[in-house]
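Read-outs throughout are calculated quantities, based only on the coordinates presented, and are distinct from any laboratory measurement. Please read these numbers as outputs of a predicted model, since none were measured by experiment. For neighbour counting, all protein chains shown are included, and Cβ atoms are generated from backbone atoms with ideal geometry for every residue, glycine included.
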Amino acid sequence: MPMTTTRKFLFSLVLLIGVLAFTDAHAGMESQDDSSPSAPTVINGKPAVSGEVATAPVPDPLYGWNKFWFTFNDVFYSRLMRPLAKGYVVIMPKKARTGLANIYNNFTFPIRFLNSLLQLNFVKASREFGRFFINSTFGMAGLMDLAKSDPNLQPGNEDFGQTLGHYGMTEGFYIVWPFLGPSNLRDTIGMAGDAAANPLTWIFGPWSAHDDYNPWYWSYIIKAGDTFNRLPETLDEYDAITKPAIEPYTAMKDAYIQYRRNAVAH
């Protein structure tokens, strides 16, 4: 049977991860031994403060690849997509954008719930389940985040990359993906775990029982739609990190590393 487009993509992703892991094993040591001073850790354009996780820098053996795709993403989002995002803000009120984001967050609740269980954090798991139940029933399928008003039911962000970090897997090395942005080896592997827990994968994926009229690419369209819906706020955060920086690439890299380390630690 010919390999489907989705399976080809998954096979290519697994192969690429293997190649990158091999690269890290041989090239990462040199980056770790670099004694030159690194740029200060930045979060939202500000130096890291006391209480935030700050350890050794993450190796960047794929600097050429990463810098190219950072520049590509910067041009794509900051220059090409920014006018569309500004127009979207005009025609789509803030409350409507928030409602759409709430619906997507509520629908992808299994990702956060399962990763909380995998981390044996039953408080977070019960919180996610409580949020899902309240928002799905009284919040019109998540359109309104009613659970957020309860201090014990604040939104979580658990993912498989954090789960791997919880069990001691190191970051590996830094990598920038086209369109997706900054990541590392551990979080890249985590994307596969999150995809497996995402209901969209099972509704529109190659395993769907209704694959004839539910094309696999609909899951990517819905995800892209959610990304675009959040783009105005995302660009504001991006500008807060990169605009004050002398070297935007380094500022974004440090901000991402600090953010993910704090997410794993907490």
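So the values come out like this:
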quantity	calculated
Candidates GLY168, GLY161, GLY181, GLY190, filtered to the one that is under 13 Å from the mean Cα position of the chain (by Cα) and free of Cβ contacts under 8 Å to residues at least 40 places away in the same chain	GLY190
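Yes/no per residue for (1) within 22 Å of TYR167 (Cα to Cα); (2) in contact (Cβ under 8 Å) with a residue 24 or more places away in the chain:
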residue: VAL89; (1), (2): no, yes
residue: ARG97; (1), (2): no, yes
residue: LEU100; (1), (2): no, yes
residue: ILE103; (1), (2): no, yes
residue: THR108; (1), (2): no, yes
residue: ARG112; (1), (2): yes, yes
residue: PHE122; (1), (2): yes, no
residue: ALA125; (1), (2): yes, no
residue: PHE133; (1), (2): no, no
